[in-house]
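The values are calculated or read from the model by the stated rules, or taken from the named source; none is laboratory data. A quick note: this is a predicted structure, and the numbers were derived from the prediction, not measured. Cβ sites come from the backbone with ideal geometry, for glycine too, and all protein chains shown count toward neighbours. Keep in mind that these areas ignore ligands, DNA and RNA; they rest on the heavy atoms of the full protein, side chains included. Shrake-Rupley method; radii C 1.70, N 1.55, O 1.52, S 1.80 Å.
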Amino acid sequence: MSRILVTGGAGFVGRALCPALLQAGHQVRITSRSPTSQPAKNEIETVAIRNIGPDTDWTWALENIDAVVHLAGRAHVMQETEEDPLEAFRFINVAGTQHLAEAASQHGIKRLIFVSSIKVQGEKTDGKGFSETDIPAPEDPYGQSKWEAEQALCRVAQNKDLEVVILRPPLIYGPYVKGNFKSLLNFCSKKLPLPLGAVQNQRSLIFVGNLVSAITQCLEHDKAAGETFVVSDGEDMSTAELIR
């Protein structure tokens, strides 16, 4: 049994991950912007972290913790209001992540799992899927910030006694999904015909439960330390197939 801190534990992925960790026998603490939004499990302890950045005080959240799963961050913004979106992403996703890793190391925490994004590797491939050996080529501020966060974590791991594991999932779907996938579900419910029959693109997805399984394995497997994994359901589909 380990004591796991899940940042952003009340979010989409966290709501699936925390019960799975409890079922596996772990003790779970989450960070959330509001303690009232915690998952409906009395066994889960919540620590309110209002803002994530280079000056966040992680002292109480990291006390007596064995491993960290870092889910929290600035994600895709549907209606961007920042004058410099990249710097806004960097403040939370890069500087905030690096500061968390440094604080975790100071607390003697052994392993940190970072849920990054397939957008680190780019937007599309030519005839084959992305793999861990591809050279990262992010094309938007979000993907760029995730790539910079990965590099920052690797630097911390080199200089500190901290094992970092990086996961790069594609579009995640499942209960409580938000963002673009939620918008697609709403659109499909209208049952409008779409001229997509000839579209033969292939897109990778991952069910939130499969991502949870990957995170759990990375927490427990000795050889996961220092590795980066591209994860998906293993069943790619076209846009037309997805909508059907």
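Couple of notes before you dig in:
- Subset of region 1-36 [of a type in the set (G, A, S) and in contact (Cβ under 8 Å) with a residue 40 or more places away in the chain]: S2, G8, G9, G11, G14, A16, A20, A24
- Any hit, region 199-210, residues being modelled with pLDDT under 75, open to solvent by 70 Å² or more (accessible area, probe 1.4 Å) and not charged (D, E, K, R): yes
Here is a yes/no grid of residues against (1) closer than 20 Å to G96 by Cβ; (2) touching a strand residue (DSSP E or B) at 6+ places or on another chain (Cβ under 9 Å); (3) basic (K, R):
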site	(1), (2), (3)
S117	yes, yes, no
V120	yes, yes, no
G129	no, yes, no
P141	yes, no, no
S145	yes, no, no
C154	yes, yes, no
D161	no, no, no
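- Whichever residue in region 83-105 is within 24 Å of Q27 (Cβ to Cβ), of a type outside the set (A, V, I, L, M) and touching a Lys or Arg at 6+ places or on another chain (Cβ under 8 Å) and, among such residues, is most open to solvent (accessible area, probe 1.4 Å): E102
- Against the list (1) of a type in the set (V, I, T); (2) under 16 Å from F12 (Cα atoms); (3) surrounded by fewer than 18 Cβ atoms within 10 Å (Cβ to Cβ), the condition I172 fails is (3).
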